[in-house]
Amino acid sequence: MAVCLTAMTRDINFIITDAGWLYLPAANKLPALQYVSQLHTETEFPLWLHGKELSIVSFAAAQGIMNDHETLRPLIIVCIIALALSSVLIFCVSRKYWGDLAGSICYVVFMTSFWPYFYVLLVRHQPMGLFYFLLSILFLQVIKKDKGQNLFCFISGLCMCFSLHSSTVSAVYLPFYLAALVYSQYTIFGKDKGPADFIKNFLQAGCVSLAGFGVAIICFNYPNIMENLESFLRYVRESTDESHFSLNQLVLRQWIENPEQPTRGGWLWIIKYFFLVMPVLFSFYILCVVYLFGKMVTCCDKRMSSWMKTAGIVFLSLSPLFLAEIKGVAQYGGNYFPFIVGILLVVGYVLRPLSFEGWWRKAPSVSKKMTGVFLAIIFVLHVAANGHAFFSDVYPSRMATTFLSEKIKQLGIKRLYVNSSNPLTGMILKYLNPELEGQVGLKHIDNIYLAKEGYVLVAPVAGTSIYNPVGVYYTDFDEDIFLNELIRKGNIQDYAVASFKTLASSRVWLQEEEIVTYKDLVLRHLSKKDFEKGRMWLLDAGKLQADIQNNMPSQEYQELVSEGIRNIGKKESLYKFKGDIIGIQESTSFADFNVRLYKVGDPKDQLIAYIYQRDHNKQCWVPASKNYASLPLGAQELTSDKKGEMVKFKFSEPMALEPGYYHIVVYRTGEVDDNNFYRIYIGGPEKRRYIQAARIM
């Protein structure tokens with residue numbers, strides 16, 4: 001698997017992730033530093049490198065060995081090696097606890113799950129943290145009575161601390177580590193001696209492990225140990241307290257009552273997320289938990305110790321989720337990666353009787369056949385689901401710019417027409433293969449029909465994507481009225497030379513940012529059509545020109561652009577009202593404002609206006625005052641005439657506004673509806689920009 005993944009990622013390019021702006025510069029800087037802890041003082045983003053020090057050291061070492069300080073290759077090789085070694089350790093650890101068969105199954109289940117490979121392609125720290133955690137458990141397992149116990153405990157504690165300095169999520173492994181330490185001491189001393197001797201030996205082993213832990217802390221934080229530890233604690237507080245929701249509260253206010261506060265989907269998000277990324281394995285895990293509790297209730301052997309052991313295993317497996325919810329971490333996939341250990345723990349524990357208790361030898365042939373067939377079905381479904389997700393979504397969408405670069409080279413393209421007004425165009429062009437730099441000319445066009453020949457690159461138009469999750473309106477790029485028409489008619493593929501899935505068309509990649517995953521899994525804003533808008537297209541300009549008369553924009557689109565009309569409260573993400581930014585030159589009292597509105601269909605709810613001001617410290621829009629929301633304006637007060645009429649939004653009391661910029665938005669109080677909604681007239685630069693983009697001469 002590791003060899004295959006290495007080959008498949010040979011020409012992988014950067015994407016807008018931590019690897020490019022955080023890990024690579026830090027790894028390049030490290031050789032010039034005297035101490036590892038200087039990563040927290042001598043780099044551009046020192047606070048965000050806490051809990052990743054050993055990963056940065058590994059990246060820097062790989063760069064030196066491969067003599068490559070510019071590409072993503074050394075970093076991804078480190079992640080692949082960490083994942084490959086983790087899979088071996090999973091087999092070794094599982095085999096020691098539950099026997100050969102259970103160990104083999106845990107190994108195969110891990111290796112055939114796309115979720116770990118996802119973080120390799122993302123070039124994140126999770127694989128490194130998992131590797132050192134598993135290594136720490138292995139050293140606890142090899143402890144034998146009176147044979148190097150202190151040495152192995154010391155090394156185990158050292159490795160556990162290595163894990164904490166490799167990945168920020170590794171703190172969640174600590175309950176597993178503590179349980180493994182207790183179990184290792186119990187198997188050596190607890191069975192033959194009394195509780196007092198067991199406690200004595202456990203405390204001794206714990207102190208030795210803690211010593212190893214402390215040595216690692218000193219190594220990574222020397223010479224300013226206390227200062228760096230305080231900085232780490234500040235990083236933990238800020239990463240928990242500051243959510244992306246508060247940075248985009250102006251837009252999120254239309255769906256969330258208090259977006260300035262931490263917003264989470266709780267257990268609903270957790271359940272939906274794991275059914276998405278591991279539908280078969282998570283279902284099997286739930287089945288195993290139900291089986292264990294059912295066995296506790298119906299088993300003739302109702303010894304309290306057996307019940308406590310089973311309940312303890314289940315609770316321990318869920319500890320990553322409990323800790324994440326107690327701490328209130330941001331809900332995106334990477335923060336919940338340690339749960340894979342909990343899943344394997346329960347699966348291995350349930351399968352243990354097949355290896356250690358001789359069930360397979362003693363059971364009737366019918367029971368063995370049924371069990372074998374059941375496990376085989378589960379395995380086939382697991383492999384099929386993960387293979388489909390990886391090869392149809394995760395991998396091709398991650399390699400989008402690589403595949404596009406190869407296509408450009410294959411077609412011999414020397415000039416590419418692009419619409420740079422689309423914010424995702426820059427995201428695509430920035431990460432093409434470096435060998436194309438200087439060989440392909442780029443020509444900006446406002447719409448697809450301004451290219452008379454050659455090829456047009458259409459970047460994803462999806463408004464909700466992992467490319468730009470914060471500081472956006474979550475509306476589709478709609479400035480090209482002719483492109484909008486092709487997408488509406490669904491015939492864009494008729495003019496395509498090639499089409500590629502991107503991170504914007506992937507439902508899996510979407511789950512790595514807290515706002516967009518909340519919109520998908522909790523608010524259920526995204527449909528299959530939305531993900532199709534996340535594709536990237538290479539269009540034949542000649543074919544477009546030949547068929548231009550058959551693809552003129554609809555009458556509705558033409559009216560929206562020429563008259564400057566925008567939608568409010570419509571589910572479709574085209575031509576949505578994004579608000580109005582006003583500049584105030586001197587202190588003023590703001591009590592109301594007028595706009596031109598009309599309603600479509602028969603909406604029954606109300607409209608409310610909100611006014612925000614710019615917070616220059618946080619670089620986001622925040623409420624302008626306590627009464628930043630206007631009084632509601634009922635749908636019954638609005639006309640249905642397309643010409644609209646002037647209406648007034650009033651505030652409960654005048655707001656004292658200081659000089660600066662303010663953003664006024666208007667949202668409906670009810671659910672979005674494509675048949676019953678509102679429309680507002682706009683003017684100014686936005687209207688002129690859309691009209692200019694609609695010209696084809």
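The values are calculated or read from the model by the stated rules, or taken from the named source; none is laboratory data. Just so it is clear, the structure is predicted and the values come from calculations on it, not from any experiment. Glycine gets a Cβ as well: all are built from the backbone with ideal geometry, and neighbour counts include every protein chain shown. For the accessible areas, the whole protein counts, side chains as well, though only heavy atoms, and no ligand, DNA or RNA atoms are used. Shrake-Rupley method; radii C 1.70, N 1.55, O 1.52, S 1.80 Å.
For this structure, a couple of remarks:
- Considering region 10-65, the residues that are outside any helix (DSSP H, G or I) and polar (S, T, N, Q) include one that is surrounded by the fewest Cβ atoms within 10 Å (Cβ to Cβ), namely Q34.
- Here D615, D641 are screened, and the one residue that is at pLDDT 95 or above, more than 30 Å from A451 (Cβ to Cβ), open to solvent by 20 Å² or more (accessible area, probe 1.4 Å) and acidic (D, E) is D641.
- Yes/no for D480 being among the charged types (D, E, K, R), modelled with pLDDT of 95 or more and open to solvent by less than 20 Å² (accessible area, probe 1.4 Å): yes
- Checked against (1) on the phi > 0 side of the Ramachandran plot; (2) surrounded by 19 or more Cβ atoms within 10 Å (Cβ to Cβ), D446 passes all but a single condition, namely (1).
- Here K302 meets each of (1) out of contact with any helix residue (DSSP H, G or I) (no Cβ under 9 Å at 6 or more places or on another chain); (2) modelled with pLDDT under 85; (3) of a type outside the set (S, T, N, Q); (4) open to solvent by 40 Å² or more (accessible area, probe 1.4 Å) with one exception, condition (1).
- Picking from residues in region 673-697 that are open to solvent by 60 Å² or more (accessible area, probe 1.4 Å) and in a loop (DSSP other than H, G, I, E, B), the one that is farthest from A629 (Cα to Cα) is M697.
- Residue ID - farthest from F379 (Cα to Cα), chosen from residues in region 106-119 that are surrounded by fewer than 24 Cβ atoms within 10 Å (Cβ to Cβ) and of a type outside the set (F, W, Y): P116
- Inter-residue pairs, beta-carbon under 9 Å, first closer than 18 Å to I608 by Cβ and in region 631-653, second open to solvent by 90 Å² or more (accessible area, probe 1.4 Å) and assigned to a helix (DSSP H, G or I), 6+ apart: V647/E637
- Region 272-292, residues that are within 17 Å of P338 (Cβ to Cβ) and either touching a Pro at 6+ places or on another chain (Cβ under 6 Å) or part of a helix (DSSP H, G or I) (or both): Y273, F274, V277, L281, F282, Y285
- Scope region 83-101; condition over 28 Å from the mean Cα position of the chain (by Cα), at pLDDT 95 or above and among the aliphatic types (A, V, I, L, M); matching residues: V93
- Meeting the requirement of 2 or more residues that are touching a residue at least 60 places away in the same chain (Cβ under 8 Å), the helices (runs of 4 or more DSSP H) wholly within region 347-430 are 365-389, 395-398, 400-411, 423-430.
- Checking each residue in region 102-119 for being under 14 Å from the mean Cα position of the chain (by Cα) and not aromatic (F, W, Y) picks out only P116.
- All conditions in (1) open to solvent by less than 30 Å² (accessible area, probe 1.4 Å); (2) over 30 Å from G265 (Cα atoms) hold for L510, with the sole exception of (2).
- If the condition is being surrounded by 20 or more Cβ atoms within 10 Å (Cβ to Cβ) and either under 26 Å from F391 (Cβ atoms) or under 14 Å from the mean Cα position of the chain (by Cα) (or both), then region 488-506 contributes I492, F500, K501, T502, L503, A504, S505, S506.
- Single residue of region 433-464 satisfying the filter (part of a strand (DSSP E or B) and of a type in the set (V, I, T)) that is farthest from L72 (Cα to Cα): V456
- Any chance V600 is over 22 Å from S652 (Cα atoms), modelled with pLDDT of 95 or more and out of contact with any strand residue (DSSP E or B) (no Cβ under 7 Å at 6 or more places or on another chain): no
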